[in-house]
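Asks: Structure in structure tokens, see below.
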Amino acid sequence: MIVLVGFMGAGKTTVGQLLAESLGLPFVDSDHIIEQRSGRSVPQIFAEDGEPAFRALEHEVIVGLLDGPDLILAVGGGAAEHPGTRERLATAQVVYLEVGYAEAMLRVAGDEYRPMLHRPGLDTVYRRRLGVYREVATLTVATDGRRPEAVSQDVLAQLVRTP
Ligand code: S3P
């Protein structure tokens, strides 16, 4: 099980798909499973039920996926803030894709699909999460100014060293 964590715009989905191709494993994005299960989009869930309800559902979905067959699993940028999720991530290989705040904002600018972009004090959320990502990571790769292919190669090289 390889789990990708990092802030919005870190490239978890793009890099995860590349890794899945290289490693011959299925790729799953927890946000997609949440949407399938609830029959609603992530922004809809935030708007109708609020963020705490989304976080509870996110935790449930991720635990279910971690209990299943091996995957490359990209989780939402806030997933690792849930203590129960963090606990469960302790048994997985967790890849932290690092992205600077400014670059993350450039990558996701104007994306209406990301309700957290409307959150005041998002920079504070970002800073708080850095410690959380570092805590769960078994390996860390920088992404600023790099193409997803280079990031994916870097992850693969590090995985060989830390099987
Ligand atoms: C969130 C990130 C999103 C999604 C939701 C909340 C966050 O996933 O789970 O909008 O709190 O940072 P991505 O990190 O894939 O954008």
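The values are calculated or read from the model by the stated rules, or taken from the named source; none is laboratory data. None of the values given here were measured: they were computed from a predicted structure. Cβ: placed from backbone, ideal geometry, glycine included. Neighbour counts: every protein chain shown. Ligands, DNA and RNA are excluded from the accessible area calculation, which covers all protein heavy atoms including side chains. Shrake-Rupley method; radii C 1.70, N 1.55, O 1.52, S 1.80 Å.
Asks: Name the residues in the stretch 63-96 that are open to solvent by 10 Å² or more (accessible area, probe 1.4 Å) and of a type in the set (S, T, N, Q), would you?
Replies: Thr91, Gln93
Asks: Go through the stretch 68-96 and count every residue that is outside any helix (DSSP H, G or I), among the small types (Gly, Ala, Ser) and either more than 25 Å from Leu23 (Cβ to Cβ) or free of Cβ contacts under 8 Å to residues at least 12 places away in the same chain (or both).
Replies: Within the stretch 68-96, residues that are outside any helix (DSSP H, G or I), among the small types (Gly, Ala, Ser) and either more than 25 Å from Leu23 (Cβ to Cβ) or free of Cβ contacts under 8 Å to residues at least 12 places away in the same chain (or both) number 2.
Asks: Restricting to the stretch 27-54, what's the tally of residues that are in contact (Cβ under 8 Å) with a residue 60 or more places away in the chain and not in a helix (DSSP H, G or I)?
Replies: 1
Asks: Follow-up question, since we're still on this one. When the stretch 97-121 is examined, which residues are found to be within 13 Å of the ligand (Cβ to nearest atom), assigned to a helix (DSSP H, G or I) and either in contact (Cβ under 8 Å) with a residue 60 or more places away in the chain or surrounded by 17 or more Cβ atoms within 10 Å (Cβ to Cβ) (or both)?
Replies: Tyr101, Ala104, Met105, Arg107, Val108, Pro115, Met116, Leu117, listed by residue number.
Asks: Further question on the same structure: Can you tell me which residue in the stretch 46-62 is farthest from Val3 (Cα to Cα), limited to those that are within 18 Å of the chain's Cα centre (by Cα) and open to solvent by less than 30 Å² (accessible area, probe 1.4 Å)?
Replies: My answer is Phe54.
Asks: Taking only the stretch 1-23 into account, find how many residues are in a loop (DSSP other than H, G, I, E, B), open to solvent by 40 Å² or more (accessible area, probe 1.4 Å) and over 15 Å from Leu73 (Cβ atoms).
Replies: 0
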